[in-house]
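Data first, discussion second: the structure below is written as structure tokens.
Here, each number is a calculation from the coordinates, and none is a lab measurement. Remember, predicted model here, so these are calculated numbers, not experimental data. With ideal geometry, Cβ positions are generated from the backbone for all residues, glycine too; neighbour counts draw on all protein chains shown.
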Amino acid sequence: MSLRPYLAYAKKIFLNRSAYRFDNVMGIISTCLQFFIFWEIYKALYGTSTDIDGITMPMVTTNFILSMGLGAIFSPDDYFLPSKIWDGSIATEFLRPISFKGRMIAENVGNALFNLLFRFLPCLIIALFTVGVNAPASPAMLALFVLSAVLGFGVLWTISFAVQMTAFWLINIWSLITIKNVLINVLSGSMIPLWFMPRELTAILNFMPFSSVYFTPVQIYLGQLSFEEIMLKCGIQLAWIIVIYLLGDILWRKGQKKLIVQGG
Amino acid sequence: MSFIEVKNVSKTFKVSRRRAGAIGAAANFFVPKFEKKEAVKNISFNIEKGEAVGFIGPNGAGKSTTVKMLSGILHPNSGEIKVGGYIPYKQRKAYVGKIGVVFGQKSQLQWDLPVIDSFELLKAIYSVPDDVYRKNLERFTEMLDMSGFIGQPVRQLSLGQRMRADIVAALLHSPEIVFFDEPTIGVDVVGKETIRAFIRELNRQDGVTMIFTTHDMRDIEKTCRRLIIINEGEKIYDGALSALREMYGTTRRLEVAFSEKVDLPGFENVTVENLENNKKRFTFENNKVQINELMNRILGEYNVRDINISEPDIETIIQKIYTKKEAEI
């Protein structure tokens, strides 16, 4: 199997994204805006206190810039399959002599690369010069952060993949995707850092797929986890990737037989 | 063994039946109604390598569904399909590299990118060798006169330009079989002619096997010798285009302009209509009425200014077949 077709797809989505320059400028602004709104809210909540339960404002700031930054990078296209089923273009997609799932990953990776360069980096630079961001705990932790972030992307991608597969039956799955995204936003710590969740809930969340998307990488970056804990957390990420992928794959196999091509 | 074998293939869709209006929609929410629609019913045919087959039928007859099953997109509910040794819907990835498909209603090009970028992408997807790609691209762009817009984004192309680009896109990897699903839809007369000439050349010169669905019978006349007609999911004709004409196109129409007002006796098996200016129209079946006898009588007994005989065009014949089918049900 050659990788070239998939690289070509990754490149294509990168070029597609570059086609609208104004949209890209606005995209940078909206990512920064989102970050600063949350930052302002938490600054107001902190008031004059330096820390809450040992969590300092700079840690919260770092959490937001990293988790929102990662969120901006990852953003898998939840409508990749549903939109193609909805408008019938799934027909031409199935005519390509390549793996549809492989292509889905390739496009998401191309997209992530674009977002890394044109969303995350500009916002990180702006944040560095305005509010300041904590440095990583150590170079080793930075490397483990990257590893865990990639695994987090894997978890996020497989969740999206599995949800999208239901479109074979349901065609329009906007509400399902919205529910999924709300769950991820709330339970992953990208809106409310999981430090501030009730202790009992955190114990459960630690083993859920959601928290491993953003919160695990952030904790590693800040040096809050021991090496053993990091290995355990990355193991959990990997386990979720496998479980959710297999689930999605069953739907994928069954769904193809159910396929309906809309619109002539 | 034929190149393309289709045996007793059926495809059923479950469609939801909507009641009209707001109240109907509410009722549907609580008690959805589904019914089975048989898009394709027990169809069989064989196609040999190098053949060009026209595939026609009224809207909703099951043409596109059949093409989609042949190209590995849809799974049939029952029956067997084999194309060049592959089972399309089971060996999709390996199979689709050998075929090309043009959907007139669905573009395969990248909306935001210049045409040439879409071609480059396809080259990578199909792993087309550089020399083959260059050769095909040069030849096709020249034949379809595309050099003027190959650098423009697809969203800025006219429909005719887009269609030509789409045709080239389906052929860059030199497929052995090409399915054209309404490739001339919405294209003007000149554009249609260019596309037909191109398709004909592809079949005659390169020996590409093809199936061509369309609503424009002239497309078929110019490109295919064989014709398959389906209606309501069933195959109702399979044979040479010329044979169709002999079978159904027996009606002849004779229009005679007389020099003066005439009173004609009745002729057996001929309907006579009076037109203005002493013109009369005789309609008859050429297997029931001897045409030379009829004309001898007219020309021998009356003064004739002008005479004109016509056979029905293929459109009329097809129309006759479609409506006849409906009348039987």
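With respect to the conditions (1) away from chain B (no Cβ under 14 Å); (2) part of a helix (DSSP H, G or I); (3) not small (Gly, Ala, Ser), residue A:207 falls short on a single one, namely (2). Checked against the criterion of being touching a helix residue (DSSP H, G or I) at 6+ places or on another chain (Cβ under 6 Å) and over 30 Å from residue B:59 (Cβ atoms), the candidates A:165, A:197 yield just one match: A:165. Answer yes or no as to whether residue A:24 is in contact with a Ser or Thr (Cβ under 9 Å, 6 or more places away or on another chain) and away from every other protein chain (no Cβ under 14 Å). Criteria not met by residue A:24.
So for the stretch A:165-177 (the condition being in contact (Cβ under 8 Å) with a residue 24 or more places away in the chain and in contact with a Cys (Cβ under 9 Å, 6 or more places away or on another chain)), does at least one residue qualify? No, because not a single residue in the stretch A:165-177 is in contact (Cβ under 8 Å) with a residue 24 or more places away in the chain and in contact with a Cys (Cβ under 9 Å, 6 or more places away or on another chain). State whether the residues of the stretch B:89-106 include one that is farther than 26 Å from residue B:218 by Cβ, among the small types (Gly, Ala, Ser), facing chain A (nearest Cβ under 9 Å) and in contact (Cβ under 8 Å) with a residue 24 or more places away in the chain. Yes, the stretch B:89-106 contains a residue that is farther than 26 Å from residue B:218 by Cβ, among the small types (Gly, Ala, Ser), facing chain A (nearest Cβ under 9 Å) and in contact (Cβ under 8 Å) with a residue 24 or more places away in the chain.
Listed here are the helices (runs of 4 or more DSSP H) enclosed by the stretch A:65-170 that have at least 2 residues being away from chain B (no Cβ under 14 Å) and of a type in the set (Ser, Thr, Tyr): A:139-165. Residue A:78 meets each of the listed conditions (1) among the acidic types (Asp, Glu); (2) under 25 Å from residue A:224 (Cα atoms); (3) touching a residue at least 60 places away in the same chain (Cβ under 8 Å) apart from (2). The residues on offer are A:49, A:30, and the sole one that is more than 13 Å from chain B (Cβ to nearest Cβ) and not in a helix (DSSP H, G or I) is A:49. For the stretch A:59-81, the criterion of being loosely packed, with under 15 Cβ neighbours inside 10 Å, at negative phi and either in contact with a helix residue (DSSP H, G or I) (Cβ under 7 Å, 6 or more places away or on another chain) or not aliphatic (A, V, I, L, M) (or both) is met by no residue.
Scanning the stretch B:133-151 for residues that are of a type outside the set (Phe, Trp, Tyr) and either within 13 Å of chain A (Cβ to nearest Cβ) or assigned to a helix (DSSP H, G or I) (or both) returns B:134, B:135, B:136, B:137, B:138, B:139, B:141, B:142, B:143. Being more than 14 Å from every other protein chain (Cβ to nearest Cβ) and either in contact with a Ser or Thr (Cβ under 7 Å, 6 or more places away or on another chain) or outside any helix (DSSP H, G or I) (or both) holds for only one residue in A:232, A:225, A:247, and it is A:225. In the condition set (1) touching a residue at least 40 places away in the same chain (Cβ under 8 Å); (2) in contact with a Ser or Thr (Cβ under 9 Å, 6 or more places away or on another chain), residue A:260 is compliant with all but (2).
The single condition from (1) within 11 Å of chain A (Cβ to nearest Cβ); (2) surrounded by fewer than 16 Cβ atoms within 10 Å (Cβ to Cβ) that residue B:130 fails is (1).
The one condition from (1) surrounded by 14 or more Cβ atoms within 10 Å (Cβ to Cβ); (2) assigned to a helix (DSSP H, G or I); (3) not aliphatic (A, V, I, L, M) that residue A:175 does not meet is (1). Filter the stretch B:108-122 down to residues that are more than 8 Å from chain A (Cβ to nearest Cβ) and touching a residue at least 40 places away in the same chain (Cβ under 8 Å) and give me whichever is farthest from the chain's Cα centre (by Cα). Result: B:114. Between B:37, B:82, B:63, the distinction of being in contact (Cβ under 8 Å) with a residue 24 or more places away in the chain and surrounded by fewer than 16 Cβ atoms within 10 Å (Cβ to Cβ) belongs to B:37 only.
What residue, of A:206, A:181, A:185, is polar (S, T, N, Q), touching an Asp or Glu at 6+ places or on another chain (Cβ under 8 Å) and more than 30 Å from residue B:63 (Cβ to Cβ)?
Testing whether each residue is polar (S, T, N, Q), touching an Asp or Glu at 6+ places or on another chain (Cβ under 8 Å) and more than 30 Å from residue B:63 (Cβ to Cβ) leaves just A:181.
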